[in-house]
Every structure is written in C-alpha cells, then in structure tokens.
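The values are calculated or read from the model by the stated rules, or taken from the named source; none is laboratory data. Predicted, not measured: the structure shown is a model, and the values here were computed from it. Virtual Cβ from ideal backbone geometry, glycine too; neighbours counted across all protein chains shown. Accessible surface areas use protein heavy atoms only, side chains included; no ligands, DNA or RNA. Shrake-Rupley method; radii C 1.70, N 1.55, O 1.52, S 1.80 Å.
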Amino acid sequence: MLGRKTLLVNPPLVNGIAFTRQGRCQEREEVLGTTKPPYTLALLASLLRAAGADLRLVDLTAERRSVEDLIARLDREGFHPTLILFPTTTPTLDADVAEIAKLKARYQAPMFCFGPHASTAAKASMLRAPAVDGMFVGEPEDAAVQLAQLESTDDLPRIASLTWRRGGEIVAHRAHGTFSGFLQMPYPAWDLVPLRSYSLPLVNRPYVIVETSRGCPYSCDFCVAPIHQGHKFRERSATALVDEIERVYRELGIDFFYLWGDTVTLNVKSFSAFCEELIARNLPIQWFGNARADNLTDPAFVHRLRRSGCWMLALGIESESEDIRKDMVKRLERQKIQAAFKNMRDAGIKSFAFFIFGYPGDSVATMNQTIDYAIELDPDFANFYPAVPYPGTALYDKAVREGLLVQEDWSRMEYSYYLLNGKGLDERIVMDAINRAKRRFFMRPGYVARNFGDVLKIATTKPGIVRQILGRAVFGARIPDSRTTAEIRNDQRDMSGAAV
C-alpha cells in the first residue's frame, strides 16, 4: 500500500521562528508564549497505526532540527518513507514546502499536506506549491487513511476531499472532508510527540490537547475555522473526554489540558455534564480553552467550570465598536461581555481577551476606544492583533473587493504584519496603535502590581519572547537578537523543559 512506510512530519522553524501548525491556528510562538503540540499528527499516527502502516512521527519544530538532520536519522534507521504527510499554514506554506520537498527528492515519495490554506483556497495553495502532490480539503483524517491504503497515486481520484496534481493540471476536490469517526476517535499517539518541549505560559508545565468539539455555528468573517471544519457543531461525550484526560494524567503525568474547540462551552448542558464527570473523578488537573462571552453569563455555570479545574478562558472581544463587531459578524452584547469577565473574576478563572485592530471601518479613534475598553474590562491578559485577511475568508473577499489588499504576500499573513491600506489605515498606523495598546494595558502600575508574579514568571522563562514583545511595544520595532546560533539553540532547549 502507498502508506506502508508513512512519515508524519511537523516542518522545521521558519527563519529561526517557531510557528504553530495546528487546525486553524497559525501563529508565531511569541503570540501566546508557546506553540501548540501537533495534535492532528498524533491523531493521524493513531489512525494509521490501526490501518497497518509502519510510520514515524517527527516534530522538527519541537526538536529544533533541520530536514537534513531528519534525512540522516532516517537513513541510519533504514526507514525510507513511501508517503509523506505534513501540516502547514498560510504564512509558512512556501517555507514548509521548500523544506519537505527535500524529503520527497531524497526518497522519491509523494508529499501531501493539510491546513487552513488548503480548506479555504485549495487551488491557489496548490499553485503556490508545485512540489506538493495533493492537499486535504477540510478535516484530513478519513482522507489520509484512505490515501495510505491506496495501491499507488494512480488511485487518487478515489479521494473526494483531495485537491491533487495530475501532470500540469490541478484536479479540484469534490467534497469537503469530515472525520466520520470523530465521536469515537482513538487515543492520539502522544508517545510519538516530544511533549516536554511544549510548555505552558505561567505554570512551567507541559500540556496536552484534548479535542472536545468540531465545527463552529458562528460566521465571524475573519475566521477560517468554520471553513475548515464546517458550521455543524459536533461534540464528544463527557465520559470519552474525561477518560482521555485521566489516561494522559496517569500514563504521562501531565496535569494541564488544552480543551480544543472553537467554543468549548457552547452547549451548556453537555459541557456541564463534562464538568461534573471531572469533579466526580477528583482528578488533580487543570484545563483551559476558548469560549464566547455570551456563553459565560450564568454565574453558577462559570463557578462549575472553576470547580472542574478551569484555569483560564480566552475570549475574542475584537472591538469596542458594536458597529465594527456587526460588520465582522461577531454579535456580542456589551452587557454580556461585562458579565462574563465579572463571573470569571468572581470564580477565580483567569481571563485572556483578544482584540483586532485595523478591520475595515476602524480608525485611529475607534482603535483608541478599543484600548480604553480593554483597560475597562481589565482581563488578566490581553492580546492585540492586526486584522489578517486570510485567503478564502469573507474578510479577504471584502479587502479585495474594496481595493484594500495592496500586496498578497502569504508569508506576511500573520499577526506580525498588517497588509491592508486605505480608508485612513496603513501598516504604520495600525501597528503603532497595537504597540500603544500593549503599553497602555500592560504598563499600568495597578496591573503590574497585581500581576507581578505572573510577569516575573514570563520574564524568567521566556526572555527572548518577552524581549521581542517589549521591543515592539516600547520602540515600535523588532530588536535584533544578539545571541549566537548555538546560544539560541541552547536557550530553546532549556525553555523546552520548563514552561512559561
């Protein structure tokens, strides 16, 4: 079979920078203080093992290794892959493909990838990546197993959710991939992932992703999530989730869990059952995840989350302006936002708020109002991002239609850059506003005093990341890293053993 020797590989650093390549997430390490473990690769490894594949899972980002290092390792082991699968993202696509193509050339094995770019703009992605033989559109699990079981690439037309290459022609997918076994999914092959290299900010702990749900019923126009996984909300049972958490805790000794889902608290009834199951088993673990403010207006529900071990929840607030949130199709009522933060504060759950700057319709005045609003809400942590017009999203279509996207540089489609220009906004104005927001929010004497312990932990465990963030916030520019390559690698390895 085509996948008799399958290589699953998380690509290496991009110009020395670690990126997350997991689901819709495609950010630099510095954005959240950590990259996320390659959960989808671990899940694919479990599925492919069950299908009879001999496989290797190699995480070059976590190991800080090069493709050349990997080739030498595979040659020593006598493992010559017949199929190569890898995750990638919109900003890292070009760099990732250039590196993984070295493996294809060495072993003459076809290479296939998955990620948000493939789901949102499959043909454009294939045009950018001529070395790639195909891309999975939507959820990759079923298609990846089907691919591995083919006799050869001559049978690629059988895979409906694959956009693939036939000579010089790009053959479009016929369906959007959905993981049919999601509700009964197997335990991910975490034994193949260097989990100690993934450290959680503030608590000096490794962590594991546990996927609670897929699909998002909302339609925020800047988000790739519903394009990648669809709008239908599917959730695993409380028993299955807690069984998985308990197994990870007992077998791996890990006690922090990222509950993976776009809005894990969406279904209050079923998520309450999950919380009660966790409480009943009395597991000494903590968890964090994404939520929406309008799911957190019931104090009793929020306190139940805390009793079950909830440590932190991240909420997308996006803007102070209700008109801009309406344009984003992000419907949130002001009083519900305020209630959510009050409830989390009262329950002892840390809050992390996200804000978007430079959305079409924004101005210097509305961005300043958003800064004031962030300070008024006073979450424990906040991050301020430029609007990113990812290909395939409604925001991208709007930016193109209104002539705002002046350069379509995919490598800059991430939170370090602002690509729109027009209606009074450009990169300098928006990035200056973001840096001003960080100064005003994080340098308040009251904030520093209240969070001094957390600030000190971040500064001592992730000095390089803190240096870059402070450099941009204070000086408005990146500060060159004066360390040697060897010093950087040593620092990265040291940091991999201790979380931020």
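Brief remarks follow.
- Among the candidates 261, 230, the residue that is under 18 Å from the mean Cα position of the chain (by Cα) and farther than 28 Å from residue 381 by Cα is uniquely 230.
- Near pairs, Cβ below 9 angstrom, 6+ apart or cross-chain, from region 155-168 (free of Cβ contacts under 8 Å to residues at least 24 places away in the same chain) to any residue that is part of a strand (DSSP E or B) and surrounded by fewer than 21 Cβ atoms within 10 Å (Cβ to Cβ): 156/165; 156/166; 156/171; 157/166; 157/171
- Residue match in region 418-433 (condition: in contact with an Asp or Glu (Cβ under 6 Å, 6 or more places away or on another chain), touching a residue at least 40 places away in the same chain (Cβ under 8 Å) and surrounded by 19 or more Cβ atoms within 10 Å (Cβ to Cβ)): yes
- Within region 272-299, considering residues that are in contact with a Lys or Arg (Cβ under 7 Å, 6 or more places away or on another chain) and not small (Gly, Ala, Ser), the one surrounded by the fewest Cβ atoms within 10 Å (Cβ to Cβ): 279
- Any hit, region 73-92, residues being touching a Phe, Trp or Tyr at 6+ places or on another chain (Cβ under 7 Å), open to solvent by 20 Å² or more (accessible area, probe 1.4 Å) and on the phi < 0 side of the Ramachandran plot: yes
- Pairing each residue of region 175-195 that is farther than 22 Å from residue 135 by Cα with any residue that is in a helix (DSSP H, G or I) and among the acidic types (Asp, Glu), provided the two are 6+ apart or on different chains, yields C-beta distances under 7 Å for 187/244; 194/63.
- Residue 219 surrounded by fewer than 16 Cβ atoms within 10 Å (Cβ to Cβ) and touching a residue at least 60 places away in the same chain (Cβ under 8 Å): yes
- Only one entry of 93, 103, 83, 127 meets the criterion of being at pLDDT 95 or above, hydrophobic (A, V, I, L, M, F, W, C) and in contact with a Gly (Cβ under 7 Å, 6 or more places away or on another chain), and that entry is 83.
- Residue match in region 342-358 (condition: surrounded by fewer than 16 Cβ atoms within 10 Å (Cβ to Cβ), of a type in the set (Gly, Ala, Ser) and either closer than 30 Å to residue 421 by Cα or more than 23 Å from the chain's Cα centre (by Cα) (or both)): yes
- Count of residues meeting criterion [loosely packed, with under 15 Cβ neighbours inside 10 Å and polar (S, T, N, Q)] in region 238-269: 1
- Residues within region 359-378 that are more than 21 Å from residue 417 (Cα to Cα) and either of a type in the set (Asp, Glu) or open to solvent by less than 20 Å² (accessible area, probe 1.4 Å) (or both), tallied: 6
- Within region 127-152, residues that are under 18 Å from residue 170 (Cα atoms) and open to solvent by 10 Å² or more (accessible area, probe 1.4 Å) reach partners that are at pLDDT 95 or above and of a type in the set (Asp, Glu) with beta carbons closer than 8 Å, at six or more positions or on different chains, in the pairs 128/94.
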